[in-house]
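The values are calculated or read from the model by the stated rules, or taken from the named source; none is laboratory data. Predicted, not measured: the structure shown is a model, and the values here were computed from it. Cβ: placed from backbone, ideal geometry, glycine included. Neighbour counts: every protein chain shown. The accessibility values were calculated without ligands, DNA or RNA, using every heavy atom of the protein model including side chains. Shrake-Rupley method; radii C 1.70, N 1.55, O 1.52, S 1.80 Å.
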Amino acid sequence: MIIMPYHLSDFAVIVPELIVAALMLILFVVDLASKNRKKILSSISIAGYLAALLYSVINFWPAVQKFGFVGQIFIDQAGNFINMVVTLTAILAVMMSRDFLDRENIKDGEYYVIMAASVISMQLLSSTHNLIIVFLAVETLSISMYILTGFFKDKEKSPEAAMKYFIFGAFASAFLVVGIALFYIYSGSVEFSGIAKANAEGLLFIVAFFMVMVGILFKIAAFPFHSWTPDIYEGAPTPVSAFMSVAPKAAAFILLIRFLAIAVASITVQWQNLLWITAVFTMFFGNTVALLQKDLKRLLGYSSIAHAGYMLVGVLAFNHLGNAGVLFYLFGYVFTNMGAFAVCEYLSKKGNEDASIKNLRGIGYKYPAAGVAMAFFMLSLTGIPPTVGFVGKFYLFSAAIDAHYYWLVILGVINSAISAYFYLSVVVEIYMKGDAKESSVWLNSLTLKYVIAIGIAGTLIFGILPSLPFNAAISAVGIL
Amino acid sequence: MNSPILFYLLAFLLIGSSLMVVLSKDIYRASFWLVGFFLFFAGLLLTLHAPFLALTEIIVYSGAIAVMIIFAVMLTGKYANFELSGYSIAGVLIAAIFIIEIMLIIKDVPEFKNFAFAFASGSNARAVGISLFSGYLFPFEITAILLLVALFGAVVLAKRRKQ
């Protein structure tokens, strides 16, 4: 006789996941039923993600951790916060995809189904202390991302990027699963709290820790596991690159924070040393290599590596302000980075995806709104007030100062200065006199323009009034 | 199945077949030796009282993965040139380092010795089944999404567009 350890009340813990799972199945059925009207899929997607987003907003308070399914999954403020970031990113990515897929002649409705599956995996990743669920969620996330990357079947670069991503990702997953197995051998548990009870002196514990870190740092695209990023961002359809640069990172960062704070708290000094090196190399690598880029999407790829480096500074500080800073940074990054990618998509030509920076010459006069928007997003990515990028960096670096990481902050500020060069060179190109060599047809899409508008509004409003999301983030990291 | 003779016989066959995988020049032969290797390994697991792992080994590895390798060779054989050669010195070096590492870990980490006894506690297929469908039902359900996505992906990426 098997006794079921679950009750109906357990399902209250996974409502956001259930909403998106229902959305996924509805999308699949509607896709089968509707032959050629794929735009309805994007409308349904937006409605579904909006429902999940609203659920997280409404149920954000009170600050408790509600467990379900024998403690394998829970819902708390940090999970809700990341759920907001992920669903918001998904909404913006769907809005960017709506006319883009039409133009590029991508007719497979599975695009939206797979995106929904990836959102479920990120929701799971952000609300568990169980390494088995972590592994399953990471695998689901990775596989959906490989497929979305390869959706441009007509172009050579896209399947090639998907293949590269798959091979790199398979290695990272292998490390992750071996690390989890070693943790289980060593401590007899796959729960963070069980691992924390084990004696951290053992060789096996250290090996397991390194292997799990490889898996997580790969998802964050931190040094030395960053090398896949630019190629994949360049090859993937632009809305997918945008989605990929924000949402999976948000889920991976909350996982990293929880793993470091709970499972391996006994070796805090050692992982801080390790992460110090990783953060510095990630920032320097992203920013210096970005100086050499000629392609806008590759530039944004390297810039996202650098931003992961800044966020690692916040994780490293290992205090409330640092963790909340990371959450706030991710929140601001949604608006700024999705906006930048949206402008990049707006200025791209059919088929010929590679948006060279040279092609931006003079668009500031031809398309004033797009020019101003791009300049604004570049300022936010550099971290210049009054943008959300500035406020985010301010929180991260002041958390590091609180934790006495002075050198790290100095290196971080030097990196911001380096990054100003290539971000501002994009702005200079936009307002340079003269025309681009190839005259281009811009993607005329209403939803895409809305994404740019939402990006500007978010970047500006939360740059001037950061207190609402920041207080939510501070409260969220109270219980991890 | 407690006889050490059976264990050593299987271990000997295992080492022999894995050497043949590495040494054979033809990829067809190598992949069939690989099937043999998986079967002997499953037998070895049976002598260690791990029937569940043994069956998984047969179904997943010799059943699916080996067949997949053979299919891949068959489908791409005309276009690809499979020459198995070279790297022997590097291979021996890596193998030596790996063996030394594993011996060091087994010697130094007491957990591995305890771990070996865990197998000897009777029918683990039943134990795995019960925990999979009670305590670990939730992760088990998540694999449904994982497999669904993999299925969609295979269809989407393999489907040719009508010209």
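Observations on the model:
- The accessible-area ordering, largest first, of the residues A:Val64, A:Val289, A:Val326 stands as A:Val64, A:Val289, A:Val326, per a 1.4 angstrom probe.
- The contact residues of region A:46-72, meaning those that lose at least 40 Å² of 1.4 Å-probe accessible area when all protein chains sit together rather than their chain alone, are A:Gln72.
- Accessible-area value, A:Trp271, 1.4 Å probe, nucleic acids and ligands omitted, Å²: 0
- Rounded FRET efficiency, nearest 0.05, which uses the C-beta distance separating A:His404 from A:Ala22 and R0 of 56 Å: 0.70
- Gap separating the Cα centres of region A:440-467 and region A:270-297, nearest whole Å: 27
- Added length on full extension, which subtracts the Cα-Cα distance from 0.36 nm per residue, A:Val57 to A:Tyr450: 139.3 nm
- Taken along the Cα-to-beta-carbon direction at a fixed 7 Å, the label points for A:Lys350 and A:Trp442 span 1.8 nm.
- Helix-only CD estimate at 222 nm, as mean residue ellipticity for the protein assembly as shown, using -39500 (n - 2.57) per DSSP H run (n ≥ 4): -24000 deg cm²/dmol
- Between B:Leu132 and A:His7, the FRET efficiency estimated from the beta carbon spacing at R0 = 25 angstrom works out to 0.80.
- Of A:Lys38/A:Lys66; A:Lys38/B:Lys159; A:Lys297/A:Lys449; A:Lys155/A:Lys297; A:Lys35/A:Lys366, pairs whose Cα-Cα distance is over 28 Å: A:Lys38/A:Lys66; A:Lys35/A:Lys366
- With the whole protein complex present, A:Glu429 retains an accessible surface near 20 Å², based on a 1.4 Å probe.
- When nucleic acids and ligands are ignored and a 1.4 Å probe is applied, A:Asp402 ends up with an accessible area of around 100 Å².
- Overall shape of chain A was characterised from the C-alpha gyration tensor. The equivalent ellipsoid obtained from it has semi-axes of 34, 27, 21 Å, in decreasing order.
- Solvent exposure ordering (accessible area, 1.4 Å, most first) of A:Trp442, A:Trp276: A:Trp276, A:Trp442
- Total accessible area lost when B and A pair, probe 1.4 Å, Å² to nearest 100: 3000
- Amide hydrogen proximity for A:Asp295: with H placed 1.01 Å from N in the peptide plane, the residues at 5 or more positions away or on another chain lying under 5 Å are A:Ile357.
- Where labels lie 7 Å past Cα in the beta-carbon direction, separation of A:Lys366 and B:Ile99 in nm: 6.7
- Region A:331-373 shape via C-alpha gyration tensor axes, a/c threshold 1.5: oblate
- Pairwise FRET efficiency - A:Ile277 versus A:Ile40, Cβ, R0 = 56 Å, nearest 0.05: 0.65
- Overall form of region B:1-83 per C-alpha gyration tensor (a/c, 1.5; a/b vs b/c): oblate
- C-alpha long axis of helix A:406-430 to longest principal axis of chain A, angle in °: 30
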